[in-house]
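Novice: Got a structure for you, questions after.
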């Protein structure tokens, strides 16, 4: 769809016909509002403006109810900027509506993403200070107090503790008002925000998932329920439970770039590559439409986030042509919209690293250069580490040990920076860089013929990986440590042990191209022709309808022709 046709600017059709009726009766707003830097302007929504259906019982004036509910649907699909603008329009029409202030505070919290900036924390605190002075009933007060628990004392209390305070308050509302669907939904979101980000027990995710699945039965068009089911099931243990919801969410909120993208989290977990590709192509196009509507000077993060998932999916189909095409779209870009720079900087290092490493193009990996962008890489040590990991692995496998050691030293420095930040939300990042350091050292040792040391280091890396969840912004590890262990064992002439490693990885990361191929070769070398045939057949099936010219596919075809079972 083209932006000029797809853009729907909602100037009064939904919001302001209903709002204007009460405008003259509305008391003058609190003068303190003038000091707050609200996002304002017309809502810029691509497509036909569909973001799902809900009815939130806590809107204020009857005349603002449709506007308020629309704002909440935007909030549920993480259209945070537009959600804030929508809530501000309600404040302008009814400055005594406490829940409109709640909506703005929620829009800048970004519960499922990264912690708000200092500027956003100050803004949220000031907004809620005004809201708490308004008259409201007990239920509204409970909602205001819940989000206020997150913003209060933000200067002295860490993000994780304040997020847990919000969760506890939402649980109280959930228990006190069992008929309130939104209370249950926002409680489930709070559970997700306080989950164990590095572990693999998924306690909060399962609890939230059970609440949401029950609600989904009677609310099949609610965007928040579908969205948060996907987030909570975005892990190898629960992903299979989210497939039906993933296929529905994009239809519930077709105007949201994020809603178009989110199903691919489940598709990626289950190795359903074609569906991941299709939904991310739609998401990237929707993001471009939004960028055009706002006349953004830099690339919008939803576009580059979708491209990251596209590249990953194409590579798992053995489709280098389309993977490279997607990379070409962003490889020379320097300016990016400042919202969610964490999500922007990750693909800028991960995509070129994947293109080299997934193809075992060690020369390309060793010569990667960090993309020149209008962003200070020093502020993003985790993302920068991905680049240095790829270069280290490439250097090790081209026997440039001096270069590899330099890159490992940089990785150690970046690791220490992350640790020194003492930020519990970065636990996954710290562990992933630790895995990269051990893996890089392992391959340097291996290429130096220090096999015992190499295997020991790889096993240490795998042990850490087994206790580390995938970071929510990523489609997967740049290269899984356990898959690299399989590669190392295969080179050492231990195909049976290699097969165990490959198969274990495929349980958690099904249909990975290199994992399937490695398992096929390991089975072949182990003399298990039947299993080798099964994996080669699987490799060909995964790569159907792709522009794949990977030599592994030719090898698979040749093997199957010679070994008809």
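Readers should treat all values here as calculations from the given coordinates under stated rules, not as data from a laboratory. This structure is a prediction, so every number in the text was calculated from the model and none was measured. A quick note on method: Cβ atoms are made from the backbone with ideal geometry, for glycine too, and the neighbour counts reach across all protein chains shown.
Novice: At 7 Å along Cα-to-Cβ for each site, give me the label-to-label distance between residue 39 and residue 525 in nm.
Specialist: 5.2
Novice: Using the basic label-point model (7 angstrom from Cα toward the beta carbon), what is the residue 237 to residue 295 distance in nanometres?
Specialist: Placing both labels 7 Å beyond Cα along the Cβ direction yields 5.1 nm.
Novice: Could you list 60, 289 so that the one with the fewest beta carbons within 10 Å of its beta carbon is first and the one with the most is last?
Specialist: So the ranking, lowest neighbour count to highest, is 60, 289.
Novice: Treating the angle as unsigned and between 0 and 90°, give the value, to the nearest 10°, between the Cα long axis of helix 481-491 and the longest Cα principal axis of the chain.
Specialist: Rounded to the nearest ten degrees, it is 10.
Novice: Additional query: If I take all pairs of Cα atoms in segment 212-315, what percentage of them are more than 20 Å from each other?
Specialist: 37
Novice: Then there is this: If I model a spin label as a point 7 Å beyond the Cα along the Cα-Cβ vector, how far apart are those points for residue 221 and residue 335 in nm?
Specialist: Distance between label points: 4.0 nm.
Novice: Related question: With equal scatterers on the alpha carbons only and no solvent term, can you work out the Debye log10 of I(q)/I(0) for segment 340-479 at 0.22 1/Å?
Specialist: Evaluating at q = 0.22 Å⁻¹ gives log10 I(q)/I(0) of -1.51.
Novice: Determine, for 444, 542, the number of other Cβ atoms within 10 Å of each Cβ, and report the residues in order from fewest to most.
Specialist: Ranking 444, 542 by Cβ neighbours within 10 Å, fewest first, gives 542, 444.
Novice: Please give the FRET efficiency for residue 179 paired with residue 420, using the beta carbon to beta carbon distance and R0 = 35 Å, rounded to the nearest 0.05.
Specialist: The formula returns an efficiency of 0.15 here.
Novice: Assuming R0 = 25 Å, what is the FRET efficiency of residue 201 and residue 168, from their Cβ-Cβ distance, to the nearest 0.05?
Specialist: So, using R0 = 25 Å, E works out to roughly 0.80.
Novice: Given just the C-alpha atoms of the chain, how large is their convex hull per residue in cubic angstrom?
Specialist: So the per-residue hull volume is 143 Å³.
Novice: While we're looking at this one, here's another question. So how do 423, 137, 319 line up by other beta-carbon neighbours within 10 Å, fewest first?
Specialist: Neighbour counts put them in this order, fewest first: 137, 423, 319.
Novice: In square nanometres, what is the average projected area of the Cα convex hull of segment 268-357?
Specialist: 5.6
Novice: Per DSSP H run of at least 4 residues, take -39500 (n - 2.57); add these up for the chain, divide by its residues and hand me the 222 nm value, nearest 500 deg cm²/dmol.
Specialist: -20000 deg cm²/dmol
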